[in-house]
Structures are given as C-alpha cells and as structure tokens.
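Engineer: Take this structure, written in structure tokens, and hold onto it; I'll ask about it next.
The values are calculated or read from the model by the stated rules, or taken from the named source; none is laboratory data. Predicted model only: the values in this text are computed from it and were never measured. Because the Cβ atoms are built from the backbone with ideal geometry, glycine has one as well, and the counts that use them run over all protein chains shown. Side chains are part of the model used for accessible areas, which takes the heavy atoms of the whole protein and leaves out ligands, DNA and RNA. Shrake-Rupley method; radii C 1.70, N 1.55, O 1.52, S 1.80 Å.
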Amino acid sequence: MTKLLEVENLHARIAGGRDILKGISLSVGAGEVHAIMGPNGAGKSTLSAVLAAKPGYDVTAGSISYGGADIADMAADERARKGIFLAFQYPVEIPGVNNTYFLRASVNAIRRERGEPDLDASQFLKLVKKKMSLLDIKDDLLKRAVNVGFSGGEKKRNEIFQMAMLEPKLAILDETDSGLDIDALRAVSDGVNKLRDPNRAIVMITHYQRLLDYIEPDFVHVLANGRIVASGDKSFARELEKTGYAHLERAA
Amino acid sequence: MSAAVLAAEPLWLTARRAVAMDRFAARGLPTAKDEAWRFTNLHALTARAPSGTARLTLSAAPEGVTFTRLSTLLAQAPERLEALLALPEGADALSALNLAMFSDGYVLEVAPGLHLDAPLEVSHDNQGRAVHMRALVLLGEGASATLVERANGSGWSNNVTHAVLGAGARLRHAKLQAQAADSVHLSAMTLTLGAGADHESVILALGAGVSREAVTTALTGEGATASLRGAYLLGGKQQASFVPELLHLARNCTSRQLVKGVLGGTAHGVFLGHIGVPEGGDGTNAGQTNRNILLSPGARVDTRPRLEILADDVKCSHSATVGALDETALFYLQSRGLAPPQARRMLIEAFAADIVDGADLPAPQRESLQQALSFWAETLA
Ligand SMILES: Nc1ncnc2c1ncn2[C@@H]1O[C@H](COP(=O)(O)OP(=O)(O)OP(=O)(O)O)[C@@H](O)[C@H]1O
Ligand SMILES: [Mg+2]
C-alpha cells in the first residue's frame with residue numbers, strides 16, 4: 001500500500017540561496033506518529049515549510065508524494081484543503097482578522113473541498129464548543145484577532161485548536177511544545193493524543209524527550225545538516241538524550 | 001448674457017454667479033502646476049458632459065430641523081441663504097464654478113440645543129451629467145446631528161459643502177462615494193467649528209475614475225475637535241486624492257486625520273494633508289496618519305504631509321507609510337486552506353476596517369459602510 005506521505009531524496013533551498021535540505025527521505029503511513037529531532041539550524045522547519053508549500057523555497061531535486069500523487073505543483077492553500085496541516089513554530093499575528101471569522105472561513109474552505117456544505121454560524125459554534133472542550137482553550141482567544149497579543153503558550157494552543165477544527169490527514173507540528181509550561185504541555189499533548197486516529201498521520205518536530213513521554217511516537221528520526229541521519233523507535237529518543245547528536249552528524 | 005441658472009433665483013445670486021464665473025474663467029481648470037491639484041488628472045473633463053442635476057433623495061426632516069433641497073429654499077426663503085451662498089476669499093476655480101453653475105443641493109439646519117438621534121440621509125445619483133451640487137450644513141449652538149451621504153451614478157460631480165458648527169455643536173458625517181468607474185467626483189467641504197464644537201467625517205472613496213476629497217476645517221473656537229477618517233480602495237486606473245486641511249485658529253483644539261489606502265492595478269492614491277497652527281494656536285494637539293498598501297507593482301501613492309506651525313505650545317504628530325500585504329500572514333491564511341484571493345481580501349479588509357470600525361456612527365450606518373469596504377476589498381483581491 002502506498003504511504004500517505006513519501007518524501008524521496010528531497011533537496012530544497014531558500015530561493016537563490018544554498019541547499020538547506022540535502023536529500024531527505026521520509027515515509028509516513030496513515031495512523032503513524034513520527035518525531036523529528038535534531039540540532040538547531042538542521043533544516044527541520046525548512047522541511048515543514050516545503051511540505052506546506054511556503055513560497056520562497058525551491059525544490060532542486062527529489063519528490064514529495066501525498067496520498068499517492070506528486071504534489072510538487074500544488075500550492076499551499078490546496079495542500080491545506082487536501083488535508084495537510086502545519087502547526088507553525090512561530091504562529092503569525094494577523095491584526096484586524098478575527099480568530100473566529102478566520103477559522104470559519106478556513107473550516108468551510110476545507111469542507112467545500114471535501115464536497116460538504118458550509119457550516120452556518122450556529123453549526124460552526126457547536127463545533128467550536130466541542131473542540132474547545134478537547135483542548136481546554138479559553139473562548140476569549142476566539143474573539144480576538146488571530147494570535148495578536150496571545151502569549152507564546154496561547155499561540156501554540158491555538159495552533160492545535162485549529163488542527164482539531166480542520167481535522168487534517170497529515171499534521172506537521174513544528175516545535176508545538178516549545179514555550180509551553182508544564183500544564184499547557186500536558187493539555188496540548190492530551191489534545192494531540194485525542195486527535196490520533198488510524199486515518200491521520202502526525203509528524204512532530206521537537207527538541208525535548210518530555211513531549212515524547214506524553215505523545216508516544218512510532219518512529220523517531222534525527223535530521224542533521226539537511227538529511228535524516230538516523231531513525232529508530234521511541235526508545236531511540238531516550239538514547240539520544242544521553243548521546244547527543246554529534247556522533248550522528250560526524251557519521252553522516 | 002444672464003448668469004441665472006434657476007428660473008426664479010434672487011438677483012444677488014445671479015450677480016454672484018457672474019463674479020464666480022469670471023473667477024473660474026480667469027483661473028481655468030486646475031493643472032499640474034497647482035500644488036493642491038498636482039496629482040488630480042482632470043483631462044477627463046475636457047470632453048464635458050452636459051450640465052444637469054443629480055437625482056437627489058433626502059430623508060424626512062424631524063421637527064425643528066430644516067432638511068430640504070437648496071432649490072426649494074431658494075424659491076421659498078432666499079433671504080435665509082443670502083449670507084451663506086457666497087464665494088469665500090481664496091476659493092479655488094472649481095468652487096467658483098460650483099457657485100456659478102449649481103442648480104440644486106441641500107440645506108441642513110438644526111436649531112440650537114436640538115439633539116437628533118436618527119441620522120439624516122442624503123443620496124445623489126448623477127445621471128451622467130456635469131453636476132454642481134451645493135450643500136449647507138448649519139448646526140446651532142449645542143445642536144447635534146449625524147449626516148450620511150451617498151454618491152452614486154456616473155458623470156462629473158463637482159460638489160461643494162459648507163458647514164458651520166456653533167459652540168458645542170456636534171456633527172457626525174459619513175460619506176460613501178461609489179460612483180461608476182468612468183466618473184469624476186470632486187468634493188470640497190469646508191467646516192467652521194465654534195468653541196467646543198466636535199466634528200467627525202468618515203469618507204470612503206471607492207468609486208469614480210478620478211476623485212478628490214478636500215476637507216478644510218477651521219477650528220475657530222477654543223477647545224474644538226475635528227477628526228477625519230478616510231479610506232481609498234482603488235483598482236484599475238482609478239485615482240483618488242485626499243486633501244485634508246486642519247487650521248488650528250484657536251487655543252486648545254484637537255484634530256486627527258487617519259487616512260488609509262489600498263491600491264491595485266495602476267491605481268494612484270494621493271494624500272496631501274495639511275496642519276496649520278498660526279500664532280495663538282497654543283495648546284494645539286494635532287495628529288495625522290496616512291497608511292497605504294500597494295497590491296501591484298503598477299500602483300502608486302504620493303503622500304505629502306505639510307505642517308506649518310507658528311505657535312509654541314503645540315503637540316503635533318504625523319506619519320506616512322507605504323507597504324505591501326504581509327507575505328507571512330498571507331501564507332498563514334493559505335496554509336489554513338484559504339485561496340489567495342480570499343486571503344488577500346481578509347488582509348485588505350483588516351487593514352482598512354478600523355477607519356469604519358472606529359467611527360462614531362449608529363450601528364446600522366456603520367455596518368453599511370463596513371459592507372461597502374468589504375465588497376470593494378473583494379474586488380481588489
Ligand atoms: N529566510 C531565510 N534566509 C536565509 N537562511 C535561512 C532562512 N530560513 C532558514 N534559513 C537557514 O536555514 C537553515 C535551516 O533552518 P531551519 O529553520 O530549517 O532549522 P531548524 O532545524 O528548524 O532549527 P531550530 O531547531 O533552531 O528551529 C539555518 O541555517 C537557517 O539559518
Ligand atoms: Mg525550526
């Protein structure tokens with residue numbers, strides 16, 4: 001069976017710059033949870049940006065296939081409507097755009113793609129209530145402009161709340177655990193665990209073993225210097241805590 | 001040749017029209033050499049539409065209020081207008097032409113101390129003519145009113161509005177200009193504010209191929225307050241100018257100008273904002289902000305603040321910015337499934353919305369302006 005996501009020998013760069021991804025291969029099946037770890041500047045966020053089709057990056061070699069189809073030419077919004085979700089390492093503040101208004105537009109854009117009718121305001125609010133209880137998120141955040149003035153932790157929670165609302169097939173979480181206090185980390189992890197599903201794959205980028213105690217991954221990869229240099233199961237992360245990345249980078 | 005325009009107009013008016021026409025003839029249409037008109041391209045006017053009147057609709061006047069057509073009042077009580085229909089010193093050529101040629105308009109007069117809760121509404125729908133509309137707005141001491149104005153249709157509109165606010169009077173004015181793309185809309189509003197008077201204008205310049213909104217406010221009484229909130233959302237080859245002039249002629253007056261523009265295609269936006277504080281204008285607090293977003297490489301903005309300050313104790317700030325839509329925000333919205341036009345529309349609306357959101361208007365009127373902004377944001381996205 002084809003995997004949900006197949007990344008093969010992916011090379012990519014910031015337009016006009018040098019290669020940052022230097023031959024990534026990664027295969028993610030539906031229902032799986034993958035953790036990607038690795039040193040600062042290794043290219044983890046770059047990989048997530050390229051998967052989400054952020055403008056400004058050039059893929060110079062290799063391929064990305066999603067649901068069995070090559071998505072090289074698919075723009076960011078279409079990828080999102082087809083079920084790819086990126087939780088940003090640095091969620092963007094958008095003054096003047098109300099969080100609820102934005103989220104409803106987004107939910108409906110994705111429903112339309114699936115051939116489902118738009119949610120009206122009251123159906124939408126029902127869904128919001130249901131998903132909010134999943135994540136222990138404060139509803140006053142929904143009345144404010146998207147991420148504006150949210151604390152670091154509130155921004156991260158809002159990302160996971162959006163994930164819960166949009167029900168993606170492939171969720172890429174870029175350091176969603178960074179900047180969370182202990183309680184928030186637990187709440188967010190609980191939320192993500194509730195969103196684990198045989199039809200949904202999760203790729204989480206993290207620096208910390210602690211997250212993996214809460215959300216147990218099926219696979220752990222080390223991304224260093226633009227490549228996946230080692231992979232293992234969840235026990236591999238514990239090993240890394242002790243050994244660090246240096247020996248892997250040298251070996252690569 | 002007689003210069004009378006209306007069948008039964010008073011002699012003093014006919015005489016003044018003749019003088020005004022001479023003034024216009026001597027000056028001619030403004031050209032690129034007139035600083036205040038530098039960027040307003042009036043070539044479209046050389047092939048002039050035949051003059052005529054706009055279809056003018058006024059809401060009903062409550063008790064104690066005159067809200068009527070200018071032509072009606074001129075026929076019935078011309079003496080009430082004699083002191084008011086005059087050509088001010090320094091009036092420009094188009095204001096002179098307006099006095100020479102106007103055939104209608106409206107008069108709003110609110111008796112001292114009267115507070116009107118319900119807004120008064122006026123709409124002018126130009127039927128493809130050259131229309132010189134003249135309006136008078138007179139609020140007695142302590143009176144308050146809200147006036148909502150809509151300009152539609154095509155042709156050339158050359159409107160002049162003259163407003164006088166007595167001490168402590170309060171005027172809220174909203175204007176939605178949505179004329180057809182082949183029209184020229186020129187508007188000159190002059191306001192005189194008495195002590196403690198308080199004025200706010202919200203002007204949306206959305207339609208017309210060429211438009212110009214000149215608002216000259218003379219703060220003549222101590223403690224008067226004036227605010228201009230403006231937006232131009234332009235696409236194609238549209239061109240719009242805002243020319244606010246705030247004159248702090250008395251002590252302790254406050255003024256705010258906040259004008260925002262969004263420009264696509266090869267549209268051209270112009271902001272020529274002036275704050276004048278002569279000697280004696282101590283305690284002035286004046287702020288001026290013009291912010292612009294260019295959506296395309298062919299769009300253009302000229303923004304020129306001009307401050308002339310001769311008093312000592314003055315707080316004055318001004319800022320002007322020209323930028324683009326935030327790429328990171330666009331990507332964020334797209335990464336949540338919104339197609340680029342929808343994402344752009346959201347950001348355009350978000351940028352311009354506070355012009356209307358922050359306006360001191362009753363909710364239904366504010367909402368109707370919000371809808372207009374939203375509609376035009378969508379056409380630009
Ligand atoms: N806009 C940019 N312009 C130039 N270089 C960039 C840009 N964005 C990223 N880079 C560079 O690309 C490399 C990879 O960055 P990336 O953000 O993918 O690292 P990361 O693995 O996510 O690191 P961290 O763990 O610190 O988040 C870094 O050297 C970074 O400086
Ligand atoms: Mg990163």
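Engineer: Taking the full set of protein chains and a 1.4 angstrom probe, give the accessible area of A:K194 in square angstrom, rounded to the nearest 10.
Structural biologist: Accessible area, nearest 10 Å²: 120 Å².
Engineer: Now a separate question. Heavy atoms of the protein only, probe of 1.4 Å, neighbouring chains included. What is the accessible area of B:M21 in Å², nearest 10?
Structural biologist: It works out to around 70 Å².
Engineer: State in Å² the accessible area per residue of the protein assembly as shown; use a 1.4 Å probe, count heavy atoms of protein chains only, and round to the nearest integer.
Structural biologist: 41 Å²
Engineer: Looking at region A:122-209, which chymotrypsin sites (Phe, Trp or Tyr not before Pro) are DSSP coil and have at most 16 other C-beta atoms within 10 Å of their C-beta?
Structural biologist: Counting only loop positions with at most 16 other Cβ atoms within 10 Å, the chymotrypsin sites (Phe, Trp or Tyr not before Pro) in region A:122-209 are A:Y208.
Engineer: For B:A18 and B:A83, calculate 0.36 nm times their separation in residues minus their Cα-Cα distance, and state this gained length in nm to one decimal.
Structural biologist: On the way: separation 65, 0.36 × 65 = 23.40 nm, distance 1.69 nm.
That works out to 21.7 nm of additional length.
Engineer: Something else: Specify the angular offset, from 0 to 90 degrees and rounded to the nearest 10, of the alpha carbon long axis of helix A:152-166 from the longest principal axis of the alpha carbons in chain A.
Structural biologist: 80 degrees
Engineer: Can you list the HN-Hα couplings for region B:213-222, worked out from phi with the Karplus curve (6.51, -1.76, 1.60; θ = phi - 60°), rounded to whole Hz and with x for Gly and Pro?
Structural biologist: Karplus values, whole Hz, x for Gly and Pro: 10, 9, 10, 10, 10, 9, 8, 9, x, 4.
Engineer: A follow-up question, please. Relative to the longest principal axis of chain A, what angle (0 to 90°, nearest 10) does the C-alpha long axis of helix A:234-243 take?
Structural biologist: Helix A:234-243 sits at roughly 60 degrees to that axis.
Engineer: Note down the accessible area of B:E35, probe 1.4 Å, to the nearest 10 Å².
Structural biologist: Number for this one is 100 Å².
Engineer: Still on this structure, please answer the following. Counting each DSSP H run of 4 or more residues in chain A as -39500 (n - 2.57), what helix-only mean residue ellipticity at 222 nm follows after dividing by all residues, to the nearest 500 deg cm²/dmol?
Structural biologist: Per the formula, -11500 deg cm²/dmol.
Engineer: Got the relative contact order for region B:1-98 handy, in percent, Cα pairs under 8 Å and 6 or more residues apart?
Structural biologist: 40 percent.
Engineer: Taking 0.36 nm per residue of sequence separation and subtracting the Cα-Cα distance, how much length would be gained by fully extending the chain between A:D190 and A:Y90, in nm to one decimal?
Structural biologist: Difference between extended and current length: 33.9 nm.
Engineer: Still on this model: Given the DSSP H assignment, sum -39500 (n - 2.57) over each helix run of at least 4 residues in chain B and divide by its residue total; what's the result at 222 nm in deg cm²/dmol, nearest 500?
Structural biologist: Value at 222 nm, helices only: -6500 deg cm²/dmol.
Engineer: If you count, for every residue in B:318-329, the Cβ atoms of partner chains within 10 Å of its Cβ, what is the mean? Please list the in-between numbers first.
Structural biologist: Details: counts 0, 0, 0, 0, 0, 0, 0, 0, 4, 3, 6, 8.
Mean inter-chain Cβ contacts per residue within 10 Å come to 2.
Engineer: Please give every one of the lysines within straight-line cross-link reach of B:K260, meaning a C-alpha to C-alpha distance under 20 Å, and leave out same-chain neighbours fewer than 8 residues apart.
Structural biologist: Result set, ordered by chain and number: B:K175, B:K237.
Engineer: Of all DSSP beta bridges in the protein assembly as shown, what percent run antiparallel (nearest 5)?
Structural biologist: So the antiparallel bridges amount to about 20 percent of the total.
Engineer: Using the beta-carbon distance between A:R238 and A:K138 and R0 = 45 Å, what value does 1/(1 + (r/R0)^6) give for FRET efficiency, to the nearest 0.05?
Structural biologist: Computed FRET efficiency for A:R238 and A:K138: 0.85.
Engineer: In what order, largest first, do B:C253, B:C316 sit by accessible area if the probe radius is 1.4 Å? Walk me through the intermediate numbers first.
Structural biologist: Working: B:C253 0, B:C316 45 Å².
Heavy-atom accessible area, descending, gives B:C316, B:C253.
Engineer: Give me the angle, in degrees from 0 to 90, between the Cα long axis of helix B:11-27 and the longest principal axis of the Cα atoms of chain B, rounded to the nearest 10.
Structural biologist: Computed tilt is about 50 degrees.
Engineer: If amide H atoms are built 1.01 Å from N in the plane of the peptide, which residues on other chains or at least 5 residues away come under 5 Å of the amide H of A:G38?
Structural biologist: Hits under the 5 Å cutoff: A:L223.
Engineer: Cα centroids of region B:279-343 and region A:178-227: how far apart, whole angstrom?
Structural biologist: 42 Å
Engineer: On the accessible surface of region A:5-251, probed at 1.4 Å, how many percent belong to carbon and sulfur atoms?
Structural biologist: Of all accessible area on region A:5-251, carbon and sulfur atoms account for 49 percent.
Engineer: Which links in A:K129/A:K234; A:K129/A:K169; A:K44/A:K129 stretch past 29 Å when you go from one Cα to the other?
Structural biologist: Violating the 29 Å limit, Cα to Cα: A:K129/A:K234; A:K44/A:K129.
Engineer: HN-Hα J couplings of region A:125-141 from phi, Karplus 6.51/-1.76/1.60, θ = phi - 60°, integer Hz, Gly and Pro as x?
Structural biologist: Each residue's phi maps through the Karplus curve to give 5, 4, 4, 4, 4, 4, 6, 5, 5, 5, 10, 6, 9, 7, 6, 5, 5 Hz.
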